[in-house]
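Reading through the structure tokens given below for one structure.
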Amino acid sequence: MRVSLEGLQQEIREARATFLEAVRGITPEQATFTPDPDRWCIRDIAEHITLAEESMRKLVRGSIERMRAGRPLYQGVHADKGLTIQEVMAKSFPKKGVAPEVVQPKTNDPLPVLIERYERLGHTLHADFQLFAEVDLETLLFPHPFGALLDMNQWLQLMPVHARQHARQALEVKAAPGYPPG
């Protein structure tokens with residue numbers, strides 16, 4: 001089901017605000033605390049969500065640019081055409097997926113630097129959505145690393161779902177035993 005771009009843009013803004021609320025005001029010690037070695041700290045979560053949103057928006061912009069330049073586009077059978085991203089995720093995504101290498105944290109930048117980077121990314125959202133409104137996003141396809149073939153509208157639907165998921169993850173870290181006091 002196609003989700004309106006106006007509604008999507010607002011949903012992304014709200015999800016981004018939820019994520020930022022979950023990670024602001026954290027000390028450096030709290031930012032690097034992890035409840036166990038198999039989980040990310042809040043700093044890593046912030047880097048991942050920034051990399052992921054940058055990557056998703058670049059994918060949509062790049063697909064539009066390729067189409068306009070007459071360059072080859074990804075082709076495939078869109079078995080999940082017309083489904084919302086939540087329906088696709090329930091059907092095709094693993095319950096616990098490992099983030100693709102390209103969006104795994106690797107810089108060790110301090111949390112305030114990552115928050116600033118994420119906020120700057122938010123400042124370009126409106127301009128990106130003006131571009132996105134110029135084409136039929138459902139005709140542009142690219143597979144998700146978890147195997148589902150998504151159209152660009154579904155890729156955009158993924159952004160707020162992903163931001164909220166990682167806001168919850170940050171809150172879980174903050175609620176874990178041993179989380180350092182502020």
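Quick note: the coordinates plus some simple rules give every number you see, no bench work behind them. As the structure is a computational prediction, the values presented were derived from the model and not from experiment. All Cβ positions, glycine included, derive from the backbone under ideal geometry; neighbour counts span all protein chains shown.
Report whether or not A22 is touching a Phe, Trp or Tyr at 6+ places or on another chain (Cβ under 7 Å) and either closer than 16 Å to Y118 by Cβ or not hydrophobic (A, V, I, L, M, F, W, C) (or both). No: the conditions fail for A22.
Filtered by the rule that a residue be under 20 Å from R16 (Cβ atoms) and not hydrophobic (A, V, I, L, M, F, W, C), the stretch 61-106 gives R61, T84, Q86, P105.
Quick test for you: out of F142, F146, pick the one residue that is part of a loop (DSSP other than H, G, I, E, B) and of a type in the set (F, W, Y). F146 is the lone residue from the list that is part of a loop (DSSP other than H, G, I, E, B) and of a type in the set (F, W, Y).
I'd like the full set of residues that are over 23 Å from M152 (Cβ atoms) and of a type in the set (S, T, N, Q), limited to the stretch 1-30. Once the filter is applied, which keeps residues that are over 23 Å from M152 (Cβ atoms) and of a type in the set (S, T, N, Q), the stretch 1-30 yields T18, T27, Q30.
In the stretch 50-68, of all residues being surrounded by fewer than 16 Cβ atoms within 10 Å (Cβ to Cβ) and among the small types (G, A, S), the one that is nearest to D151 (Cα to Cα) corresponds to G62. On the stretch given as the stretch 109-118, residues that are over 15 Å from F19 (Cβ atoms) and touching a residue at least 40 places away in the same chain (Cβ under 8 Å) total 2. You will find that of V102, V98, the residue that is free of Cβ contacts under 8 Å to residues at least 12 places away in the same chain, β-branched (V, I, T), within 26 Å of D44 (Cα to Cα) and surrounded by fewer than 13 Cβ atoms within 10 Å (Cβ to Cβ) is V98 and no other.
Would you confirm whether or not the stretch 159-167 contains a residue that is over 17 Å from the mean Cα position of the chain (by Cα), surrounded by 15 or more Cβ atoms within 10 Å (Cβ to Cβ) and more than 24 Å from R61 (Cα to Cα)?
No, there is no match, as no residue in the stretch 159-167 is over 17 Å from the mean Cα position of the chain (by Cα), surrounded by 15 or more Cβ atoms within 10 Å (Cβ to Cβ) and more than 24 Å from R61 (Cα to Cα).
Given the options I26, I45, name the one that is in a loop (DSSP other than H, G, I, E, B) and either in contact with a strand residue (DSSP E or B) (Cβ under 9 Å, 6 or more places away or on another chain) or closer than 30 Å to G178 by Cβ (or both).
Details: I45 fails: in a loop (DSSP other than H, G, I, E, B).
Being in a loop (DSSP other than H, G, I, E, B) and either in contact with a strand residue (DSSP E or B) (Cβ under 9 Å, 6 or more places away or on another chain) or closer than 30 Å to G178 by Cβ (or both) holds for just one of I26, I45, which is I26.
Residues that are of a type in the set (K, R), touching a residue at least 12 places away in the same chain (Cβ under 8 Å) and within 19 Å of P105 (Cβ to Cβ) within the stretch 37-73 comprise R39, R43, R57, listed in sequence order. Residues in the stretch 73-94 that are surrounded by fewer than 11 Cβ atoms within 10 Å (Cβ to Cβ), under 16 Å from L137 (Cα atoms) and either touching a helix residue (DSSP H, G or I) at 6+ places or on another chain (Cβ under 6 Å) or of a type outside the set (A, V, I, L, M) (or both): Q75, G76.
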